[in-house]
Amino acid sequence: MIHEVLRAASFAARKHATQKRKGRDASPYVNHVLEVVEVLARHGVDDPLVLQAALLHDTIEDTETSLEELTEVFGPEVAGFVMEVTDDKSLPKDVRKELQIRHASGLSVAAKLIKLGDKISNVRDVSENPPPGWDLERRRAYLEWTRAVIAGCRGVNPGLEAHYDEVLASGMARLDGALPPAPRSPHFHG
Ligand code: ZN
């Protein structure tokens, strides 16, 4: 149970070890997958297979990890959930984004939960800690795109969906200038 989930956390930390997030603070990539699994657990998701897949959700898309390796180490169910949320990188980016919208409603419940957690983390990053060079228009377009993807992922966890709505609304408000910019680090009080 818990050790299976932690094994996935350790695997993800190794696979993403040299990667940084695109945001201006360039935080370690693994922070993102930990944020995703934490938000799912906080909203009552307790299936270890779903939590493992949440931790591993970017390994095939963004690291040198194959479907075969994930299947061997974590089993076909976890690997299957990860595949459901993995974009085909041989396609152009705009096509991949369009396919995420089109495929969302046909995903398994597990994959919808992971999408919700992933978009919550990404919306927060793009509104509070955007990649350098992303202007307001691009950040707003990103938030709108997640809204379209998540429209297809509803009906699986009302609390998590309400949390996404809150994060999206406060992100939009921040971009509209209604909220002050986030402090660089919430833990820095100097
Ligand atoms: Zn992700």
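The values are calculated or read from the model by the stated rules, or taken from the named source; none is laboratory data. Treat the numbers as computed from the prediction; the structure is a model and nothing was measured. A quick note on method: Cβ atoms are made from the backbone with ideal geometry, for glycine too, and the neighbour counts reach across all protein chains shown. For the accessible areas, the whole protein counts, side chains as well, though only heavy atoms, and no ligand, DNA or RNA atoms are used. Shrake-Rupley method; radii C 1.70, N 1.55, O 1.52, S 1.80 Å.
Annotation: His163 fulfils all but one of (1) more than 14 Å from the ligand (Cβ to nearest atom); (2) within 16 Å of the chain's Cα centre (by Cα); (3) not in a helix (DSSP H, G or I); the unmet one is (3).
Within the range 60-87, restricting attention to residues that are under 20 Å from Tyr142 (Cβ atoms) and among the acidic types (Asp, Glu), which residue is farthest from the ligand (Cβ to nearest atom)? Checked the range 60-87; the qualifying residue farthest from the ligand (Cβ to nearest atom) is Asp87. Can you tell me which residues in the range 114-139 are touching a Lys or Arg at 6+ places or on another chain (Cβ under 9 Å) and in a loop (DSSP other than H, G, I, E, B)? Correct list: Asn129, Pro130, Pro131, Pro132, Trp134. The residues of the range 88-98 that are away from the ligand (no atom under 16 Å from the Cβ) and either not in a helix (DSSP H, G or I) or not β-branched (Val, Ile, Thr) (or both), listed by number, are Ser90, Leu91, Pro92, Asp94, Glu98. Inspection of the range 47-59 finds a residue satisfying the criterion of being open to solvent by less than 70 Å² (accessible area, probe 1.4 Å) and either modelled with pLDDT under 95 or among the hydroxyl-bearing types (Ser, Thr, Tyr) (or both). Would you check if there is a residue in the range 3-10 being open to solvent by 40 Å² or more (accessible area, probe 1.4 Å), among the small types (Gly, Ala, Ser) and not in a helix (DSSP H, G or I)? Looking for residues that are open to solvent by 40 Å² or more (accessible area, probe 1.4 Å), among the small types (Gly, Ala, Ser) and not in a helix (DSSP H, G or I), one finds none in the range 3-10, hence no.
Are any residues in the range 121-147 away from the ligand (no atom under 13 Å from the Cβ) and basic (Lys, Arg), and if so, which ones?
Arg138, Arg139, Arg140, Arg147
Taking first residues from the range 1-14 that are farther than 17 Å from Leu70 by Cβ and among the β-branched types (Val, Ile, Thr) and partners that are surrounded by 14 or more Cβ atoms within 10 Å (Cβ to Cβ) and modelled with pLDDT of 95 or more, no Cβ contact under 7 Å between residues at least 6 apart in sequence or on separate chains turns up. Look at Asp94 and say whether it is more than 17 Å from Val39 (Cβ to Cβ), modelled with pLDDT under 95 and surrounded by fewer than 16 Cβ atoms within 10 Å (Cβ to Cβ). For Asp94, the condition - more than 17 Å from Val39 (Cβ to Cβ), modelled with pLDDT under 95 and surrounded by fewer than 16 Cβ atoms within 10 Å (Cβ to Cβ) - is not met.
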